[in-house]
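All remarks here apply to the structure that follows.
What follows draws every value from the coordinates through simple rules; no lab data is involved. The structure displayed is predicted, hence computed values, not measured ones. No Cβ is skipped: glycine too gets one built from the backbone with ideal geometry, and neighbour counts run over all protein chains shown.
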Amino acid sequence: MRTSRTLPVLGAALLALPLLAACGSKDSTGSGSDKVAITATDTACKVAKTELKAGQTSFAITNKGDKVTEVYVYGEHDGAYTRVVTEVENIGPGISRDMEVKLGGGTYEIACKPGQTGDGIRQKITVEGAKADEEAGKSYDREVEVEAKEYALEGLDKFTAKAGEKIEFKLENKGTTEHELEIFGPDGKEVGEVSPVKPGATGEAVIALAKPGTYTYKCGIGDHADKGMKGSFTVS
């Protein structure tokens, strides 16, 4: 009698094993498996997958170098990859960070910047599918032109904005060395930047000014800010 009762129990347990295994397999390949790995070193920027589908994408960044790094996704503008779509900064050696972004169809460049300077080590990626309605930050309310030279940032002295506006900041470098434009919110945290622009060139970035308050800006290269390339503006 004991044997006859045990066999059905064992049979039910054996039938349940595939279901348990399937559940375990599903958990182990959840959202984490959908992330695209980016391995940043001091000399390389390795993107595990360079052909993606349009839509929400999650990049898993690991810094295996000896320098603090940052990673950017650049979109194309006027034949060059200068439009900042998204970025993650201050990734220390041995640190891993995630970077979430919605990409429309087209080509992009991913840049790893060891030491957080320069144009970075770049890898081109291709995104298949329709272009997004708001093409990765290409939609904006208005644009502001800023001129950079040694050592001043001109064009923002009378600039004001409304909370929630998306502004395309266009930085024209009329100097003889690289300049950039970093913008910080009322809490002191960076809300966006126009990456380093070479002399004679123009760079741009669409930056959302979400909260009211006093914003500050500067050129973050070397001692340029200390020499006068800084200022503030108000968002109401």
Exercise. Past 26 Å, Cα to Cα, is the threshold; run 64/211; 49/102; 102/189; 102/211; 35/198 against it and keep the listed order.
Key: 64/211; 35/198
Self-check item: Computed magnitude of the charge dipole of the stretch 140-235 (debye, nearest 20; Cβ of K, R +1, Cβ of D, E -1)
Solution: 220 debye
Quiz item: What's the local net charge at residue 148, with K and R +1, D and E -1, over the other residues with C-beta under 10 Å away?
Solution: -4
Quiz item: Put a dot 7 Å past each Cα toward the Cβ at residue 227 and residue 149; how far apart are the dots in nm?
Solution: 1.4 nm
Exercise. For the stretch 67-211, report the convex hull volume of the alpha-carbon atoms normalised per residue, in Å³, without decimals.
Key: 127 Å³
Quiz prompt | Sorted by Cβ neighbour density within 10 Å, fewest at the top, the residues 50, 160 | solution = 160, 50
Exercise. Quickly rank 220-231, 204-215 as a protection proxy: mean count of other C-beta atoms within 10 Å, highest first.
Key: 204-215, 220-231
Self-check item: 20 Å Cα-Cα threshold exceeded, pairs from 170/230; 166/227; 46/170
Solution: 166/227; 46/170
Quiz item: What is the extension gain from residue 216 to residue 160, computed as 0.36 nm multiplied by their sequence separation minus the C-alpha to C-alpha distance, in nm to one decimal?
Solution: 19.0 nm
Practice problem: For the stretch 33-136, calculate the relative contact order in percent as a whole number, restricting contacts to Cα pairs under 8 Å that are 6 or more residues apart. | Solution: 31 percent
Quiz prompt | Extension gain, residue 53 back to residue 187 (0.36 nm per residue minus Cα-Cα distance, nm) | solution = 44.7 nm
Self-check item: Beta bridges by DSSP in the stretch 140-235, antiparallel share as percent, to the nearest 5
Solution: 75 percent
Self-check item: Cα-centre dipole for the stretch 33-136 with unit charges at Cβ (Lys and Arg positive, Asp and Glu negative), debye to 20
Solution: 360 debye
Quiz item: Taking the Cβ of residue 87 as the center, what net charge do the other residues with Cβ under 10 Å away carry, scoring Lys and Arg +1 and Asp and Glu -1?
Solution: -3
Practice problem: Calculate, in nm to one decimal, what residue 42 and residue 201 gain on full extension: separation in residues at 0.36 nm each, minus their alpha carbon distance. | Solution: 54.6 nm
Quiz item: Taking the Cα-to-Cβ direction at residue 142 and at residue 90 and moving 7 Å from each Cα, how far apart do the two end points lie in nm?
Solution: 3.2 nm
